[in-house]
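The structure under discussion appears below in the form of structure tokens.
The values are calculated or read from the model by the stated rules, or taken from the named source; none is laboratory data. This one's a predicted model, so the numbers in the text were calculated from it and none came from an experiment. Because the Cβ atoms are built from the backbone with ideal geometry, glycine has one as well, and the counts that use them run over all protein chains shown.
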Amino acid sequence: MMSAQTKINQTVLMSGAEFFNDQFAINPYMDASIPVDTQKAIAEHQAIQQALESAGVKVIKVPAPKDCQDGVYTANWALCRGDKALMSVLPNKRQPETPYAEKILTAQGKTLLYLPDGIHFSGQGDALPCGDLVFVGSNYRTSIEAWPHIERLLGLKVIGLQTIPKRSMFGWGKRLINQETGWPDSYYYDIDLALSVLTPDLIAYCPAAFVPSSRKVLADLPLRKIIVSRREATTGFACNLVSTGETVIMSNRAPKLKAAIEAHGLKTITPVVTELGKGGGYIRCTTLSLT
């Protein structure tokens, strides 16, 4: 039976997919020339909610922020711990979501905390708690300068990581800058595309997604680990999952990771998601953990 110490992601916040599209290609997965089937995206979103609820997760559902193409990805609104919510500093095209997120989180009883001006932060999408640790990305959506503030404000020890950049010339050329945001680009622009927390002592991650120094940091951690292939991480959104500590809601396009997770004694639920992936997000991205 799952103990209180192993329970994670017990209450999550979800919005809606009514305004979801990829008109502004703010990450490498988006292509404005490929249309999004909004009704299908809404159905996928509902399937994720149903999967979470069947695993015992309490889902707090709020309306989607009006006319915000990425408002479905609530994970990027903040990082929550206890009654505190450290607010994100989102890319230009997503900033209209912020006042709405502030209103919603305040209504949930959270005390809102803010980073100093000039520091970027992608919320839970780029900051995954693991017990008293938190894995935090850098250089794409989160500034390294955010790390000490996360530790000070939320009382979590930061494990700072960096994923590999997107480059021209098949990975050997210069680093590419996203034309919509003006920020550096990566297929792992948020850490939740390269790493996932399955239980407080078990993680899954894709070594090929990280620069060598971060790869070593992860390898040296005294945690149990599942290795994810670059193929499943990138084309199957394998790491972008939600675990309760007992049941994992994950991609149906990552059979090797699924088998490895089940070999560790966890159950899996695999809703079919295609449209939401066109926005560069998946199951984890659509949920903001409140507990």
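General remarks:
- If you filter the range 15-60 down to residues that are assigned to a loop (DSSP other than H, G, I, E, B) and of a type in the set (Val, Ile, Thr), you find that the one that is farthest from ARG175 (Cα to Cα) is VAL57.
- ASP117 among the acidic types (Asp, Glu) and in contact (Cβ under 8 Å) with a residue 40 or more places away in the chain: no
- Positions within the range 210-261 being among the aromatic types (Phe, Trp, Tyr) and surrounded by fewer than 21 Cβ atoms within 10 Å (Cβ to Cβ), in sequence order: none
- Residue selected from the range 4-24 under the condition among the hydrophobic types (A, V, I, L, M, F, W, C) and under 16 Å from the mean Cα position of the chain (by Cα), by the criterion farthest from LYS278 (Cα to Cα): ILE8
- Odd one out for ILE283, checked against (1) out of contact with any Pro (no Cβ under 8 Å at 6 or more places or on another chain); (2) buried (at least 22 other Cβ atoms within 10 Å of the Cβ); (3) not aromatic (Phe, Trp, Tyr): (1)
- Filtering the range 87-106 to residues that are at pLDDT 95 or above, among the hydrophobic types (A, V, I, L, M, F, W, C) and within 23 Å of ASN27 (Cα to Cα) leaves MET87, VAL89, ALA101.
- In the set GLN46, GLN39, GLN50, only one residue is farther than 19 Å from GLY280 by Cα, modelled with pLDDT of 95 or more and of a type outside the set (D, E, K, R); that residue is GLN50.
- Among the candidates ILE203, ILE227, ILE249, the residue that is closer than 25 Å to ALA55 by Cα and in contact with a helix residue (DSSP H, G or I) (Cβ under 6 Å, 6 or more places away or on another chain) is uniquely ILE249.
- Selection of the range 14-43 for residues being aliphatic (A, V, I, L, M) and surrounded by fewer than 18 Cβ atoms within 10 Å (Cβ to Cβ) yields ALA32, ILE34, ALA43.
- Strands (runs of 3 or more DSSP E) lying entirely in the range 191-281 (those with 2 or more residues that are under 23 Å from THR11 (Cα atoms)): 195-199, 202-205, 247-249, 267-269
- Residue in the range 222-230 that is of a type outside the set (Phe, Trp, Tyr) and without any contact (Cβ under 8 Å) to a residue 12 or more places away in the chain present: yes
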